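Undergrad: Submitted below is the structure of interest, expressed as structure tokens.
The values are calculated or read from the model by the stated rules, or taken from the named source; none is laboratory data. All of these numbers come straight from a predicted model, not from anything done at the bench. Because the Cβ atoms are built from the backbone with ideal geometry, glycine has one as well, and the counts that use them run over all protein chains shown. Accessible surface is based on the protein model in full, side chains and every heavy atom, while ligands, DNA and RNA are left aside. Shrake-Rupley method; radii C 1.70, N 1.55, O 1.52, S 1.80 Å.
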Amino acid sequence: MALDKHPMWKAPQHHMDSDHQHDHVHWIELFYDLIHVVIIFLLGNYLSDHLNPGGFAVFTGVFIAVWFAWADSSVFNSLYVSTDIKHRFIMSSQIVTAMIMAASIPNIHEKGWVYFALAYSANRFITAYLYYRTDRLGIEETVLANKVSKNFAALAVLFTVSAIIPAPYNYLLFALGIISIQLLYMLPKIGVLECSRFLPRLGHMSERFALLVLIVLGEGFFKLVITLSEKGIYKVSSDVLVNFIFGGISVFVLCWIYFDFVGNGKPKNTKKWTLVSWWLAHLLVMLAAVMIGVALSGEVKVGFWEPYPLKYATIGCIGLTVYLLSLLWIQKNIEYRVAHRFATAKIRFLGVFLALLTLVIVPFVPSFIGNLLWGSALFSQIAIPVTKAYFTFQKEEASGP
């Protein structure tokens with residue numbers, strides 16, 4: 001085999017230029033995702049320890065920043081199939097920046113900020129270099145790679161400055177950088193989405209989204225199990241154990257409704273707003289999933305007859321509302337599948353109504369009532385479509401062709 005044909009030494013290639021492209025996620029990308037298990041867990045811990053408006057704002061801002069860093073790297077790997085040895089070393093460096101970001105999260109509102117911002121800046125520089133490398137190697141003959149590399153390099157400088165200037169200007173400058181990332185994608189005429197070759201492998205990106213959703217939802221199990229283990233499973237009453245089981249089943253159902261109705265779904269077309277909607281809706285789904293995971297850890301903090309802790313209930317009900325609306329948003333922007341016949345907007349809005357109703361009454365009722373109502377909001381999202389589908393298909397089968 002010629003050296004330049006082997007994956008270890010083969011130069012990166014735009015997927016549109018390849019005769020043998022596929023949508024499967026490479027093991028390097030999967031390994032990169034592993035560090036996000038730690039980041040998401042620590043972000044969930046941060047939210048648990050700061051259940052107030054300020055803490056939620058920090059949690060949301062950091063989550064969005066980390067998500068964009070992950071997504072930008074994923075987009076590059078979707079555009080340019082890269083498996084060579086130099087790319088592997090570059091990705092290992094990007095993993096290290098994510099490790100530093102993760103370690104800084106518990107103290108990010110204080111001395112951890114400098115480390116987070118500098119690591120984030122380094123992460124952006126590395127993404128800029130990935131695009132610069134493809135341009136320098138002549139892999140991308142259009143302005144695409146050069147344009148994106150300059151954008152990320154400029155933003156990396158901005159994030160570096162945000163690490164060294166005093167608060168609150170550091171946070172404002174950082175937020176400006178995060179907003180600028182998206183504007184440089186989406187703005188008419190100058191945004192990179194205007195480039196015809198800025199079209200990632202849609203099957204590849206849908207798989208990347210699905211895998212990260214799986215990780216994010218799995219953190220709900222982490223929170224539940226660790227919270228109970230720290231409390232001592234042998235010390236809690238039977239009603240707490242029932243709540244614990246309810247929480248685990250809820251995480252499973254959250255995963256179920258994502259994968260049955262939108263998971264691995266490709267956008268229905270390549271129009272700019274369709275792609276942007278698909279992108280942003282996945283951000284909201286994952287943000288909401290972390291909120292719900294943190295809220296469910298409250299299940300092991302209360303028995304049947306006490307009101308559910310209001311701070312946990314608030315993020316749980318709002319999180320479920322955002323989760324269901326985001327699923328509906330994704331569903332409107334992906335290719336049609338049979339399950340969409342039964343997962344209608346009315347069912348999603350029913351779940352939203354019940355989740356918000358739970359938020360209103362939860363301070364005044366025992367936790368088992370709150371769980372029943374919130375559980376109805378969630379479980380209805382799979383119970384109603386599956387029941388309707390069963391009887392519809394049974395009737396169609398009986399009526400024959």
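Undergrad: Could you give the distance between the Cα centres of segment 261-334 and segment 354-376, to the whole Å?
TA: If we compute the Cα centre of each part, the gap is 18 Å.
Undergrad: Hey, got a sec? Which chymotrypsin sites (Phe, Trp or Tyr not before Pro) in segment 321-379 land in a DSSP loop and have at most 16 other Cβ atoms within 10 Å? Intermediate results must be reported in sequence, preceding the final value.
TA: Working: sites: Tyr323, Trp329, Tyr336, Phe342, Phe349, Phe353, Phe364, Phe368, Trp374, Phe379; in loops: Tyr336, Phe342.
Those satisfying the criteria are Tyr336.
Undergrad: Okay, moving on. Counting each DSSP H run of 4 or more residues in the chain as -39500 (n - 2.57), what helix-only mean residue ellipticity at 222 nm follows after dividing by all residues, to the nearest 500 deg cm²/dmol?
TA: Values: 12 runs with 287 residues, N = 401.
Here the helix-only value at 222 nm equals -25000 deg cm²/dmol.
Undergrad: Using the Cα gyration tensor of segment 117-156, with a ≥ b ≥ c the square roots of its eigenvalues, what is the shape: rounded (a/c below 1.5), prolate (a/b larger than b/c) or oblate (neither)? Intermediate values should be presented prior to the final figure.
TA: Numbers: a/c = 4.57, a/b = 2.25, b/c = 2.03.
Cα axes put segment 117-156 in the prolate bin.
Undergrad: Show which lysines lie in cross-link reach of Lys231 when reach means a straight Cα distance below 18 angstrom and same-chain residues fewer than eight apart are skipped.
TA: Lys223, Lys301
Undergrad: Among Pro106, Pro168, Pro188, determine the one that fluctuates most according to a GNM of the chain built with springs between C-alpha atoms less than 10 Å apart.
TA: Pro168
Undergrad: Further, regarding this structure: Direction-averaged shadow area of the convex hull around the Cα atoms of the chain, nm²?
TA: Details: hull surface 94.1 nm².
The orientation-averaged projected area of the Cα hull of the chain comes to 23.5 nm².
Undergrad: Looking at this model, which pairs from Lys189/Lys266; Lys10/Lys111; Lys86/Lys268 are more than 32 angstrom apart at the alpha-carbon? All intermediate terms of the calculation are to be shown ahead of the outcome.
TA: On the way: Lys189/Lys266 25 Å; Lys10/Lys111 43 Å; Lys86/Lys268 35 Å.
Violating the 32 Å Cα-Cα cut-off are Lys10/Lys111; Lys86/Lys268.
Undergrad: If you don't mind, another one. Which listed residue (Ala122, Leu324, Trp374) has the Cα farthest towards the positive end of the charge dipole for the chain, taking +1 on Lys and Arg C-beta and -1 on Asp and Glu C-beta about the Cα centre?
TA: Leu324
Undergrad: How large is the charge dipole for segment 67-161, taken about the Cα centre, if only the Cβ atoms of Lys, Arg (+1) and Asp, Glu (-1) carry charge, to the nearest 20 debye?
TA: Details: 8 positive and 6 negative charges, 31 e Å.
Charge dipole, segment 67-161, about its Cα centre: 140 debye, nearest 20.
Undergrad: Viscosity 0.692 mPa s, temperature 37 °C: give me the Stokes-Einstein translational D for segment 89-197 in µm²/s, with Rh taken as the Kirkwood radius over C-alpha pairs. Intermediate results must be reported in sequence, preceding the final value.
TA: Working: Rh = 14.7 Å.
D, rounded to a whole number, is 223 µm²/s.
Undergrad: Grab the beta carbon distance between Thr392 and Leu241, set R0 = 35 Å, and tell me the FRET efficiency rounded to 0.05. Walk me through the numbers on the way to the answer.
TA: Values: r = 38 Å, r/R0 = 1.08.
Efficiency, rounded to the nearest 0.05: 0.40.
Undergrad: Give the aspartates and glutamates whose C-alpha is closer than 18 Å to that of Lys388, dropping any in the same chain fewer than 8 places away, or say none.
TA: Asp260, Glu396, Glu397
Undergrad: Same structure, new question: Given segment 200-315 reduced to its alpha-carbon atoms as identical point scatterers, what log10 I(q)/I(0) does the Debye formula return at q = 0.18, 0.21, 0.23 Å⁻¹?
TA: Debye output, listed in q order: -0.88, -1.07, -1.22.
Undergrad: Let me check something: with ligands and nucleic acids excluded, how do Ser367, Ser93 order by accessible area (1.4 Å probe), largest to smallest?
TA: Values: Ser367 0, Ser93 55 Å².
I get Ser93, Ser367, largest accessible area first.
Undergrad: Go through 291-304, 221-234, 145-158 and give me the packing order, highest mean Cβ count within 10 Å leading. Let's see the in-between values first.
TA: Details: 291-304: 23.5, 221-234: 15.1, 145-158: 19.6.
Output ranking for 291-304, 221-234, 145-158: 291-304, 145-158, 221-234.
Undergrad: Moving on to the next point. Test of understanding: extend the Cα→C-beta vector of Thr60 to 7 Å, then name every residue of segment 276-312 with backbone N under 17 Å from that spot.
TA: Under 17 Å, as judged by backbone N against the label point of Thr60, lie 280-295, 311-312 of segment 276-312.
Undergrad: Only helices at least 18 Å long along their axis, Cα-based, and averaging 1.0 or more on Kyte-Doolittle count here, so list those DSSP H runs from the chain. Could the numbers behind the result be given before it?
TA: Working: long enough: 27-49 (34 Å, 1.27); 53-79 (38 Å, 1.17); 85-104 (29 Å, 0.89); 112-136 (35 Å, -0.06); 144-164 (31 Å, 1.24); 169-186 (25 Å, 1.49); 202-231 (44 Å, 1.03); 238-261 (35 Å, 1.64); 272-296 (36 Å, 1.74); 310-333 (34 Å, 0.98); 345-361 (24 Å, 2.12); 367-399 (46 Å, 0.39).
What comes out of the filter, once short or polar helices are dropped, is 27-49, 53-79, 144-164, 169-186, 202-231, 238-261, 272-296, 345-361.
Undergrad: At q = 0.15 Å⁻¹, what is the log10 ratio I(q)/I(0) for segment 154-257, with the Debye formula run over Cα points and no solvent?
TA: Debye intensities relative to I(0), on a log10 scale: -0.88.
Undergrad: With the chain treated as a Gaussian network of Cα nodes joined by springs under 10 Å, which of Gln13, Gln331, Gln94 yields the largest mean-square fluctuation?
TA: Greatest mean-square fluctuation among the candidates belongs to Gln13.
Undergrad: A further question follows. Please get the size of the charge dipole for the chain, origin at its Cα centre, with Cβ charges of +1 on Lys and Arg and -1 on Asp and Glu, quoted in debye to the nearest 20. Each step should come with its number before you reach the end.
TA: Details: 30 positive and 24 negative charges, 116 e Å.
Dipole size: approximately 560 debye.
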